[in-house]
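Below is one structure, written out as structure tokens; the observations come after it.
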Amino acid sequence: MSDDPIKENSSGFPNPALDGQDLGLDLNELVVKHPASTFYMRVEGEEYAQAGIYSGDIVVLDRSLEARAGNTVLVTTDGQMKIVELPKNADDFAQLESTDIWGVITHVVSPKR
Amino acid sequence: MYALVDCNNFFVSCERLFRPELRDVPVAVLSNNDGCVVARSNEVKALGVPMGTPHFKAKDVLERHKAVLFSANFRLYGDMSSRVVQVLTAIAPQIEVYSVDESFLDLSELRIDDYEQWAKDVAAVVEKRTGIPVSVGVAPTKTLAKLAAEQAKKDANLKGGHAIIPPNDVAANSTEVEQMWLKDDLCSFPVEDIWGIGRRLAPMLRDFGVTTAWEFIQLPDAWIRKKMSIKGLQTAQEIRGLDCYGFAVPRDIAKMVSASRSFGSSLSQLHELEAAVSSLAFRAGYRLRRQSLNARTISIYLSGGKKATFSSKKASITFDYPLNDSAAIVSASIELLKDAYASGRDYKKAGVILQDITGSSEQQMPLLKPLDERTLTKIARKNTSIDSINDRWGSGTISYAISKTSDKWVSKRENVSPAYTTRWAEIPTIS
């Protein structure tokens, strides 16, 4: 047992459960697909409640994604940042003038407590 | 083949990304105690404000044109810089980060058909993903790549990227006739903007009637060598297409880790300097630990600045063994301060330098066991706790009491923007 490569705990008994153990779940793996282009912003006010985004929520933005019909995006209009839900209809989407899209919102972190 | 990727007005671009209303407004960034202009938007450049101007000199012009000023926000710029580097690393794995806003890429292992288009595509991708506009130059040498990037920066028609590529049958560093492939790019490129020449040597060249890069490479090698030394000749050869510099091997461990600061107000009291020096020592120690390094020599220096009536004073000691423990470094710095300090002087700057650096994993002293394993582990754990708390809640959350006895040394940073990308409390708000 003394040359057993498995790490021993203080009682000297090797724990076979340590073999192949997962490291635990990390929210980053779920939410951040492209770290270099991922940004976070906090929402204030109820302007976007209809989109299901409430005051105090944090939106996760990914600049690397191409916006698609139905996506919720951050745009800059007249120097202001606003959240916009793009039309779900593919035709309506295609007709949109190219707006200044800052990034696509991929997730919303909404604290409940 | 090399690419040089250069961020446009980098600090300003970082600020503007989160303040879209500032995109067409003159913006400048001040550094070093709000002393000098270290970044200018194109509008500010057009006002004739040179890089590095002291703020008081540019104040009137900037106010008159309603320029928006920021104090340098290195947390933000450092994070944005590493994002740009990440994006570039995915494009070309061989990367040499030259400075916070410039990187060289080695393209030798990539299959690229159209370098000009590739340069433009890279510029577009970097801007899309990071929000930072960049200029990309591609050429057979680093100096030419930098030149190409500079052209892309100045000419909007180039759409962010430009390549200077020799026709296949032209040998590098060839005769004048064969250099014609360079003529268009070089004949209107001012000598001041050549990497390796700059403001220092350009006047000398201009005196000889050499004002452009094209004229420069027509000069005989012997003349260049004599007037500008071997470095000048290498620059000329690089522009002619001969790769003199090669691609940097990833640097081994740093030779020196330091922290220095110019003070917000000049300091003359010992306790004020103790606060400053101990903070810098802690910072330097943190940087050492961050890179998993140890140091054996610590030096501090005190300076009275450019107008000082006394010369800078430096003091050093060598530890018995390589270490990176903050307590040891901070107390050593305070001891050294006693040597370097003299009363009645106005100190404007201090620095802590750690040298004789080795990696943490190296066992430098097999014969001399400095401390027993248990104590070393305890010390390491303490440092790790301190570092992780400061990482999470912001540097300065935990510090040595002596650093807090005075804050006179802390620089004015009146207009620093939030750490938009590195602190949860400071992320941008949408309303």
- prompt: Pick from the stretch A:90-105 the residues that are surrounded by 11 or more Cβ atoms within 10 Å (Cβ to Cβ) and within 14 Å of chain B (Cβ to nearest Cβ): which of them is modelled with the lowest pLDDT?
  reply: A:99
query: Under 6 Å by Cβ, and 6 or more places apart or on different chains, what pairs join a residue from the stretch B:38-65 that is at positive phi with one that is of a type in the set (A, V, I, L, M, F, W, C) and surrounded by 11 or more Cβ atoms within 10 Å (Cβ to Cβ)?
result: B:52/B:36
field: So residue A:65, is it assigned to a loop (DSSP other than H, G, I, E, B), under 25 Å from residue B:124 (Cβ atoms) and either touching a residue at least 40 places away in the same chain (Cβ under 8 Å) or of a type in the set (Phe, Trp, Tyr) (or both)
entry: yes
- request: Go through the stretch B:322-337 and give me each residue that's touching a residue at least 24 places away in the same chain (Cβ under 8 Å) and either charged (D, E, K, R) or farther than 19 Å from residue B:290 by Cα (or both).
  value: B:325, B:332, B:333, B:334, B:336, B:337
Residue list for the stretch A:53-69, filter: more than 10 Å from chain B (Cβ to nearest Cβ) and basic (Lys, Arg): A:68
- request: Could you list all residues from the stretch B:84-124 that are more than 13 Å from chain A (Cβ to nearest Cβ), without any contact (Cβ under 8 Å) to a residue 24 or more places away in the chain and of a type in the set (Gly, Ala, Ser)?
  value: B:99
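For the stretch B:125-152, what are the residues that are of a type in the set (Gly, Ala, Ser) and either surrounded by 24 or more Cβ atoms within 10 Å (Cβ to Cβ) or away from chain A (no Cβ under 14 Å) (or both)?
We begin by selecting, within the stretch B:125-152, every residue of a type in the set (Gly, Ala, Ser); these are B:131, B:135, B:137, B:139, B:145, B:148-149, B:152.
Matches in the stretch B:125-152: B:135, B:137, B:139, B:145, B:148, B:149, B:152.
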- prompt: Given the conditions (1) surrounded by fewer than 22 Cβ atoms within 10 Å (Cβ to Cβ); (2) farther than 18 Å from residue B:28 by Cβ; (3) within 14 Å of another protein chain (Cβ to nearest Cβ); (4) modelled with pLDDT of 95 or more, and given that residue B:79 satisfies all but one, which numbered condition is not satisfied?
  reply: (4)
Number of the condition not met by residue B:4 [criteria: (1) more than 29 Å from residue B:425 (Cα to Cα); (2) more than 14 Å from chain A (Cβ to nearest Cβ); (3) surrounded by fewer than 22 Cβ atoms within 10 Å (Cβ to Cβ)]: (3)
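Go through the stretch A:78-89 and count every residue that is facing chain B (nearest Cβ under 9 Å) and outside any loop (DSSP other than H, G, I, E, B). I'd like the intermediate steps shown before the answer.
Kept after step one, since they are facing chain B (nearest Cβ under 9 Å), are these residues of the stretch A:78-89: A:78-83.
Applying the additional criterion that residues be outside any loop (DSSP other than H, G, I, E, B) yields A:80-83.
Total satisfying the criteria: 4.
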field: Of all residues making up the stretch B:198-243, the number that are outside any helix (DSSP H, G or I) and not charged (D, E, K, R)
entry: 9
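The values are calculated or read from the model by the stated rules, or taken from the named source; none is laboratory data. Computed from a prediction, not measured in an experiment: that's the story for all the values here. Every residue, glycine as well, gets a Cβ built from its backbone with ideal geometry; the counts of neighbours run over all protein chains shown.
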